[in-house]
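> Sharing a structure with you now.
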Amino acid sequence: MARDIILHTNRLTLREITPADLPFLHRIFSDAECMRYYPGIKSFDETARWFQRLAFDSYGSHGFGLWAVTDRQSGALLGDCGITLQETSAGLGPEIGYHLWRDHWGKGYAAEAAAACRDHALGTLGLARIVSIVRPDNMRSQRVAERVHRRRETFFKAVGSDGCKVEFHLYISEKA
């Protein structure tokens, strides 16, 4: 299957995810430490459904989605990063999300990939605004979002089956 390359950075390539990537990506989504700020870990079927909706279906419907993040030199898969539609304080809008295997944390890969997605969204895709949604206790992800976006707001979002409102930080970049 052809792997469409979306973006290059100095160290990374972002390309469309393929079904062959799912076992590695499931390693992230089934790991308690990687999913610490999510409601819980995912089964393989849940991971596959996640990427069906936010990658495979989204590519055709929106022209963007979650993309595989690979090392530009070795081609090794590091995780995913991309643009999905999420509920924000301004309604449904594009959001940059990222998930890397923990061996790759702290190396600047998430910020590098997310900044490339921001620039792609505001430039190539012509979007007026892009955000990242981060839990206030997720300090690692906050540091990434602070490097990528210009401003931050606080908003409350319903999560879980009970619709409980949870506080999130909304990091925002807008077209100049």
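The values are calculated or read from the model by the stated rules, or taken from the named source; none is laboratory data. What you see is a predicted model; the values in this text were computed from it and never measured. All Cβ positions, even for glycine, are placed from backbone atoms using ideal geometry, and neighbour counts span all protein chains on display. In case anyone asks, the SASA skips ligands and DNA or RNA and just uses the protein heavy atoms, side chains included. Shrake-Rupley method; radii C 1.70, N 1.55, O 1.52, S 1.80 Å.
> Please work out how much length the chain gains when fully extended from Leu85 to Phe156, using 0.36 nm per residue of separation minus the C-alpha to C-alpha distance, in nm with one decimal.
23.9 nm
> Additional query: Can you give the accessible area of Cys164 in Å² (nearest 10), computed on protein heavy atoms with a 1.4 Å probe?
Estimated to the nearest 10 Å², Cys164 gives 70 Å².
> I'd like the projected area of segment 39-83, averaged over all directions, using the convex hull of its alpha carbons. Report it in nm² with one decimal.
The Cα convex hull of segment 39-83, projected and averaged over all directions, gives 3.9 nm².
> Within segment 1-91, which GluC sites (Glu not before Pro) sit in a loop by DSSP and count at most 13 neighbouring Cβ atoms inside 10 Å?
Hits after loop and neighbour filter: Glu33.
> Still on this structure, I have one more. Enter the Cα centre distance for the pair segment 137-176 and segment 36-53, rounded to the nearest angstrom.
20
> Starting from the Kirkwood radius over alpha-carbon pairs of the chain, derive D by Stokes-Einstein at 10 °C in a medium of 1.306 mPa s and give it in µm² s⁻¹.
Using the Kirkwood radius from Cα pairs, D works out to 97 µm²/s.
> Leaving out ligands, DNA and RNA, and with a 1.4 Å probe, what % of the accessible surface on segment 108-176 is carbon or sulfur?
Within segment 108-176, the accessible surface is 49 percent carbon and sulfur.
> As a test of the formula, what do you get for the chain when each DSSP H run with n ≥ 4 contributes -39,500 (n - 2.57) and the sum is divided by the residue count, at 222 nm and rounded to the nearest 500 deg cm²/dmol?
Mean residue ellipticity at 222 nm (helix-derived): -7000 deg cm²/dmol.
> Starting from segment 112-176, pick out the trypsin sites (Lys or Arg not before Pro) whose DSSP state is loop and whose Cβ has at most 16 other Cβ atoms within 10 Å.
In loop regions of segment 112-176 (DSSP not H, G, I, E or B), the sparsely surrounded trypsin sites (Lys or Arg not before Pro) are Arg150, Lys175.
> Any lysines with Cα under 23 Å of the Lys157 Cα? List them, leaving off those in the same chain fewer than 8 positions away.
In chain and number order, the partners are Lys42, Lys165.
> Can you list which of the chymotrypsin sites (Phe, Trp or Tyr not before Pro) found in segment 13-74 are DSSP loop residues with at most 14 other C-beta atoms within 10 Å?
Tyr37
> Roughly what % antiparallel, to the nearest 5, for the DSSP beta bridges in the chain?
Here the share of antiparallel DSSP bridges comes out near 95 percent.
> Evaluated at 37 °C with a viscosity of 0.692 mPa s, what Stokes-Einstein diffusion coefficient in µm²/s does segment 90-158 have when Rh comes from the Kirkwood expression over alpha-carbon pairs?
255
> Right, next: Report, by chain and number, residues whose modeled amide H sits under 5 Å from the one on Leu78, excluding near sequence neighbours (fewer than 5 apart, same chain).
Val69, Thr70, Asp71
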